[in-house]
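The values are calculated or read from the model by the stated rules, or taken from the named source; none is laboratory data. Everything numeric here is computed off the predicted structure, so don't read it as measured data. Here the Cβ positions follow ideal geometry from the backbone for every residue, glycine too, while neighbour counts run over all protein chains shown. These accessible areas exclude ligands, DNA and RNA; they are computed on the full protein's heavy atoms, side chains included. Shrake-Rupley method; radii C 1.70, N 1.55, O 1.52, S 1.80 Å.
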Amino acid sequence: MENITIGGILSFLGGSIVWLVGGWTATLTALSIFMVVEIILRLITFISGRKKLTANNMAKHFGRKAGVMLVIILANQLDIVAGGVPVFKTIAILYYIGVEGLKCKEHLEEIGLYFPKAMMDKIQAMNDERKDNE
């Protein structure tokens, strides 16, 4: 009985999140992967001694990740009000993919690895476009 309840709760939560973000898209998958990789690279920099691991630091970091998802939910609501075309949501997701990509680049450089030039050029172009739109 407990497994059914836990499974039901997890299904409800997962379905609610997907509904709030306006359906799962390839861009959301890419953003999720970038977020997970950034967290892993951050932990590697802590393990390698490049940065100090504190509970406050990690709580703040995960709070920012949750904030990104809230911005995407709000952007989805703007899309609904504006007629249902996912313009704001796509812009928000692409912006945060660029931000996460730059963070991954920084973490990789801290541990002595570098992004392939073609990937870095694309991330830099996304970042430059973001700056132009601000």
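What are the pairs with Cβ atoms under 8 angstrom where one residue, in region 48-65, is at negative phi and the other, located anywhere, is loosely packed, with under 11 Cβ neighbours inside 10 Å and of a type in the set (F, W, Y)? Sequence gap at least six, or different chains.
Going by the 8 Å Cβ cut-off, there are no qualifying pairs.
Could you grab me the full set of residues in region 66-86 that are free of Cβ contacts under 8 Å to residues at least 40 places away in the same chain and either of a type in the set (D, E) or assigned to a helix (DSSP H, G or I) (or both)?
Scanning region 66-86 gives A66, G67, V68, L70, V71, L74, A75, Q77, L78, V81.
T29 - would you say it is surrounded by fewer than 16 Cβ atoms within 10 Å (Cβ to Cβ) and β-branched (V, I, T)?
yes
Select, from A92, A118, the only residue that is within 22 Å of L74 (Cβ to Cβ), small (G, A, S), modelled with pLDDT of 80 or more and assigned to a helix (DSSP H, G or I).
A92
Could you identify the single residue in F46, F62 that is more than 25 Å from M126 (Cβ to Cβ) and either modelled with pLDDT of 90 or more or in a helix (DSSP H, G or I) (or both)?
Checking each option against the conditions leaves just F46.
Please determine whether any residue of region 87-108 is open to solvent by less than 70 Å² (accessible area, probe 1.4 Å), among the aromatic types (F, W, Y) and in contact (Cβ under 8 Å) with a residue 24 or more places away in the chain.
Yes, region 87-108 contains at least one residue that is open to solvent by less than 70 Å² (accessible area, probe 1.4 Å), among the aromatic types (F, W, Y) and in contact (Cβ under 8 Å) with a residue 24 or more places away in the chain.
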